[in-house]
Amino acid sequence: MSEVTFKIDVPTDDDGFLTLQCPFCSERFKLTVQDFEREDIIDLFCPYCGLKDEPSSFITDEIIEQAHILALNYAKSQINKSIKGLEQSSRGNKNISFKAGKPLEMEGDKVLFEKEQLELITLKCCELETKAKSIVKEIGVYCPCCGVK
Ligand SMILES: [Zn+2]
Ligand SMILES: [Zn+2]
């Protein structure tokens, strides 16, 4: 089977920020799409706990769920197609009678929307803007790019 890729449109807020979720502490913060896709960022640092991981690990639960739905629907549509094909190819054959039942129902897409209300923080070390809970202004924020607090 050939490889299938799914494209998920990740929503951004009005300022072009996308929500990320730390794989360690599950806290959420935002980065601009441009910063998130920067090639010089190999690992992202969580602004809250300061731990780092590759950027793809910071994808939110909703996006992962949406990816599962897309993959599941794709598998179901493949099954529906092959059952339909079986039905068609068995037509006119006196020995085999094959009637397809009800096609598998597709899962409803999750509606993704941007709802996090976070505060804009500018990190001078990397000239990077992030959005995080206002509490990090008191406890100190780790730069998502270089990890300096
Ligand atoms: Zn964290
Ligand atoms: Zn920095």
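The values are calculated or read from the model by the stated rules, or taken from the named source; none is laboratory data. In this text the structure is predicted, and so the values were computed from the model without any measurement. All Cβ positions, glycine included, derive from the backbone under ideal geometry; neighbour counts span all protein chains shown. These accessible areas exclude ligands, DNA and RNA; they are computed on the full protein's heavy atoms, side chains included. Shrake-Rupley method; radii C 1.70, N 1.55, O 1.52, S 1.80 Å.
Of note:
- For the chain, the per residue solvent-accessible surface stands at 66 Å², with DNA, RNA and ligands left out and a 1.4 Å probe.
- Where only DSSP H runs of four or more residues are counted, the chain gives -8000 deg cm²/dmol as its mean residue ellipticity at 222 nm, each run worth -39500 (n - 2.57).
- Rounded if a/c under 1.5, otherwise prolate or oblate - the chain, Cα gyration tensor axes: prolate
- Taking the 1.4 Å solvent-accessible surface of the chain as the whole, the part contributed by carbon and sulfur is 52%.
- Length gained when the stretch Gln78-Ile139 is fully extended (0.36 nm per residue, less Cα-Cα span): 16.9 nm
- Within region 5-103, GluC sites (Glu not before Pro) in DSSP loop having at most 13 other beta-carbon neighbours inside 10 Å: Glu37, Glu39
- Based on C-alpha pairs under 8 angstrom that are at least 6 apart in sequence, the chain has a relative contact order of 30 percent.
- In summary, the lysines within cross-link reach of Lys94, defined as a Cα separation below 28 angstrom excluding same-chain residues under 8 places away, comprise Lys81, Lys84, Lys102.
- Förster radius 30 Å - calculated FRET efficiency between Glu107 and Glu37, Cβ distance, rounded to 0.05: 0.55
- Sequence-distant lysines (8 or more away, or on other chains) whose Cα lies within less than 19 Å of Lys131: Lys30, Lys52, Lys115, Lys149
- Charge dipole magnitude, Cβ of K and R +1, D and E -1 - region 17-139, Cα centre, debye nearest 20: 1080
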